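As structure tokens, the structure follows; a few thoughts come after it.
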Amino acid sequence: MTREDARIAELEGMLPDLEAADNELAASARRMAESRARLEEQAAEVGSRRSDLEVRSVAVVERRQFLTGRLAEVETRLEGAAAEREAAEARRLELDRTQTALDRLSALIQDRSSLIEGRLNDFRERRRQQSEAARGVAGRLDGLRRQRADQERGLSEVRERLQRAEIDHAEIEMRIEAAVEALRRDLDCEPDVAIASECPELAEGATAAGRARELERDLRLMGPINPLALEEFEALQERHTFLEQQLEDVKESRRELAKVIRAIDGEIVSVFAAAFADVAANFEALFETLFPGGQGRLKLTEPDNLLLTGIEVEAKPSGKNVRKLSLLSGGERSLTALAYLFAVFRSRPSPFYVMDEVEAALDDMNLSRFLGLVAEFRNDAQLVIVSHQKRTMEAADCLYGVSMQSGGSSRVVSEKVSS
């Protein structure tokens, strides 16, 4: 344990140096990144200046060509005009001086371009070297970090072993204290007295070591003593109390939820009963309107259980002794469905209604009755009806149609119907 303590102290002493080296490498990497950014800025500036000088060089070349052509033109004119020769000669001298200046400027530009190209190459080389140095620093930094991680893992293992050794030492001391306490409690003597006392009499043929092994075997059969049993019992008791409180909260929440469900079920039953009574009364009236002399009504399949009940529709047109919808014709079933639909509309009105070809299966007489219902409801709400019946279209206030020419796209047309 002393060598492990020394090793721990040595590793802990190395940690500040490793951290300082890590920080120094990180600072060096940042400085190199900043130098690299400055070099890139200088390279960009040199490139910009080079581009500017190249543009100026091209402009000088063009100016030189222009002046050369101009000189040739002047010389041509001098051949035919002797009076203007002196002025042209002065102009030529001026142009020569200009040409000389331009040549010097062009040479200077070429020299500067070569110099700038050399500096740019130097900057690129320095940038490459700094990039390689930065990669090397980053590699060393990663190696130091891995080394530090390995040393930290080793330090953690040493600390773990030290903790296990301390736990084992504490357990041994606890066992010694327990043995001493058991000796004092069970035999009422001190350890020194027990050690100095004579060996008890043994059975014939038995040895002290064999008797000790027998006693140790008996102790092992009795099982180990758990010194933390009281603390574990208190923790379990606390956990049991907490779970009982949680269970009581859950039961209370369940009771409250059951109350809410019963209240909602009561509200649903009340609203459904009122709505069903209104719809049933309106259905009977509308059925007699659509089927003069006929009878129709709605009834519940389970009147005593409104939450699970269904609704049956009984329809008996005039002159027929049938009540099931399956025995009616298609037009009669459609008219019965319309009676139910308008009964719902009348019981729970809405600002507008949408119906899709609901009168497709109706004959002329039943269609007239349907249009009478539409005329009654149109005063209180807007009705949107999809239909192919001309009489339904005639009863509308506004028509919308979708047409499509051959090879074209669909087009919506609308037209208001005058009263």
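General observations
- Among the residues making up the stretch 285-303, those that are farther than 18 Å from Leu341 by Cβ, touching a residue at least 24 places away in the same chain (Cβ under 8 Å) and surrounded by fewer than 16 Cβ atoms within 10 Å (Cβ to Cβ) are Pro292, Gly293.
- When residues of the stretch 328-363 are limited to those that are among the polar types (S, T, N, Q) and closer than 18 Å to Gly294 by Cβ, the one farthest from the chain's Cα centre (by Cα): Ser329
- Residue in the stretch 69-92 that is under 30 Å from Ile8 (Cβ atoms) and either charged (D, E, K, R) or in a helix (DSSP H, G or I) (or both) present: no
- Test set (1) surrounded by fewer than 10 Cβ atoms within 10 Å (Cβ to Cβ); (2) within 30 Å of Arg7 (Cα to Cα) - His169 fails condition number: (1)
- Within the stretch 94-127, tally of residues that are aliphatic (A, V, I, L, M) and under 60 Å from the mean Cα position of the chain (by Cα): 4
- Phe342 passes every criterion in (1) of a type in the set (A, V, I, L, M, F, W, C); (2) in the same structural domain as Leu286 (by TED's automatic domain parsing); (3) surrounded by fewer than 11 Cβ atoms within 10 Å (Cβ to Cβ) apart from (3).
Table: residues versus (1) closer than 21 Å to Glu171 by Cβ; (2) among the small types (Gly, Ala, Ser); (3) modelled with pLDDT of 80 or more.
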residue	(1), (2), (3)
Cys189	no, no, no
Pro200	no, no, no
Thr207	no, no, no
Ala212	no, yes, no
Asp218	no, no, no
Phe233	yes, no, yes
Glu238	no, no, yes
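- Whenever a residue of the stretch 155-168 is assigned by TED's automatic domain parsing to the domain that holds Ala9 and at negative phi, its partners that are at pLDDT below 85 and surrounded by fewer than 12 Cβ atoms within 10 Å (Cβ to Cβ), lying with C-beta atoms within less than 8 angstrom and at least six residues away or across chains, give the pairs Leu155/Glu12; Leu162/Met1; Leu162/Asp5; Ala165/Met1.
- Comparison of Gly47, Gly80 shows that the only residue that is modelled with pLDDT under 80, in the same structural domain as Gly143 (by TED's automatic domain parsing), under 18 Å from Glu125 (Cα atoms) and surrounded by fewer than 15 Cβ atoms within 10 Å (Cβ to Cβ) is Gly47.
- Residue among Ala361, Ala274 that is under 28 Å from Asp397 (Cα atoms) and of a type outside the set (Val, Ile, Thr): Ala361
- The listed residues are Leu155, Leu115, Leu108, Leu120, and the only one of them that is closer than 30 Å to Ala44 by Cβ, in contact with a helix residue (DSSP H, G or I) (Cβ under 6 Å, 6 or more places away or on another chain) and assigned to a helix (DSSP H, G or I) turns out to be Leu120.
- Some residue of the stretch 237-244 being closer than 30 Å to Glu177 by Cα and not polar (S, T, N, Q): yes
- Filter result for Val354 (outside the structural domain of Asp265 (by TED's automatic domain parsing), exposed (fewer than 11 other Cβ atoms within 10 Å of the Cβ) and more than 20 Å from Phe272 (Cβ to Cβ)): yes
- Criterion violated by Leu306 - all others in (1) surrounded by 13 or more Cβ atoms within 10 Å (Cβ to Cβ); (2) touching a strand residue (DSSP E or B) at 6+ places or on another chain (Cβ under 7 Å); (3) not charged (D, E, K, R) satisfied: (2)
- All positions within the stretch 171-215 that are under 60 Å from the mean Cα position of the chain (by Cα) and of a type in the set (Val, Ile, Thr): Ile172, Ile176
- Hits in the stretch 12-27 (condition: surrounded by 10 or more Cβ atoms within 10 Å (Cβ to Cβ) and either among the small types (Gly, Ala, Ser) or outside the structural domain of Glu157 (by TED's automatic domain parsing) (or both)): Ala20, Ala21, Ala26, Ala27
- On inspection, Asp188 passes the criterion of being surrounded by fewer than 10 Cβ atoms within 10 Å (Cβ to Cβ) and over 30 Å from Arg50 (Cβ atoms).
- Flag if Leu102 is touching a residue at least 40 places away in the same chain (Cβ under 8 Å), surrounded by 11 or more Cβ atoms within 10 Å (Cβ to Cβ), in the same structural domain as Ala44 (by TED's automatic domain parsing) and under 30 Å from Glu34 (Cβ atoms): no
The values are calculated or read from the model by the stated rules, or taken from the named source; none is laboratory data. Given the structure is predicted, the values throughout are model-derived calculations rather than measurements. Cβ coordinates were reconstructed from backbone atoms using ideal geometry, including for glycine residues, and neighbour counts include every protein chain displayed.
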